[in-house]
Amino acid sequence: MTKVPVNQIIPISTVDGPGSRTSIFLQKCNIACGYCHNPETQNLCNSCGVCVPQCPEGALSIVNGVVEWNPEKCVNCNTCIRVCPRNASPKIRWMDAPAVMKEVEKNIPFIRGITVSGGECGLYPDFLQELFTLARAKGLTCLCDSNGTVRFSQYPELMKVCDGVMLDVKAWSPDVFRALTRGDNAAVKENLVFLSSCGKLEEVRIVYVEGHVDAEAAICGIAELLGPLTGSTRLLLISFRNNGVRGSFATFSSPTPERMQELANLAASVGFQNIIVK
Ligand code: SF4
Ligand code: SF4
């Protein structure tokens, strides 16, 4: 079984897909969005040791050159995360699918399914396949929350046990996408086509930051790629908020409700019928 770095497991969440779900956040991302709300999930800890003496509870130590976290002593003050120079966290548990499933099972009376997020969950396709296989055997639905830069078409066995992908479209022009994320969005567009064609596009999300996201181009481009499936695809238009954000984006303002409504109106005009503005 594949072990993956787990940042946290939220037993019951109502904001990570339909109904109540257990949300599993994996550590490490392959892009670095300027507006990332969980920047401490972007990288793996390299055991530099900077955070160890800063922990007020003595919950961190270095053993054989590797940082160890003691959850029994930790009070979740997040000092370690604030002082980490590489957008990482020492509070990681390496877990395989049965270990994660053991935690999920405690919530089964109260949840409809599970959602695996990140970081970027698509970096761990073997783990996803193993976990989803176990979860579906318990009657749970299984969703991925993805930045879309890993091609899901390359993992047919995973797709057999994945109920859907909540896909971020962070920008449409490759240049705007690169400026925002330091990555490439060719795979995002391929995923839009692939996931919609096999009925696994759970929803599409655009986080709008004034002047940094080409939302109009994204809305029109998505509709063009989805064609007749546009009307049945849920579109989330999310207003940028700066909580948790680091760097220059932390100083940016949220767009006005009127601007978000303009985007929603455009989406409706190109065929979206299920539009949610958040
Ligand atoms: S959150 Fe980090 S710094 Fe705070 S007690 Fe836990 S390990 Fe220590
Ligand atoms: S969490 Fe960050 S500061 Fe702490 S040891 Fe790892 S890389 Fe260094």
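Derivation of every value follows stated rules applied to the coordinates shown; laboratory data play no part. Since the model is a prediction, treat every value here as computed from it, not as a measurement. Please note: Cβ atoms are built from the backbone with ideal geometry, for glycine as well, and neighbour counts cover all protein chains shown.
Expressed to the nearest 5 percent, the antiparallel share of DSSP beta bridges inside the chain is 30 percent.
Using equal-weight Cα scatterers in the Debye expression, the normalised intensity of the chain in log10 at q = 0.07, 0.12, 0.16 Å⁻¹ is -0.26, -0.78, -1.32.
Using +1 at the C-beta of Lys and Arg and -1 at the C-beta of Asp and Glu, which of 179, 229, 36 has the Cα lying farthest in the positive direction of the dipole of the chain? Positive-end residue among those listed: 36. A Gaussian network model of the chain, with springs between Cα atoms under 10 Å, assigns the largest mean-square fluctuation among 204, 165, 75 to 75.
Report the extension gain between residue 105 and residue 224 in nm, rounded to one decimal, defined as 0.36 nm multiplied by the number of residues separating them, less their alpha carbon distance. Working shown, then result.
Details: separation 119, 0.36 × 119 = 42.84 nm, distance 4.10 nm.
Between residue 105 and residue 224, full extension yields 38.7 nm more.
The trypsin sites (Lys or Arg not before Pro) of the stretch 1-38 that DSSP puts in a loop, and whose beta carbon has at most 15 other beta carbons within 10 Å, are 3. Report summary: the helix-based calculation at 222 nm, which adds -39500 (n - 2.57) for every DSSP H run with n ≥ 4 and divides by the residues of the chain, gives -8000 deg cm²/dmol.
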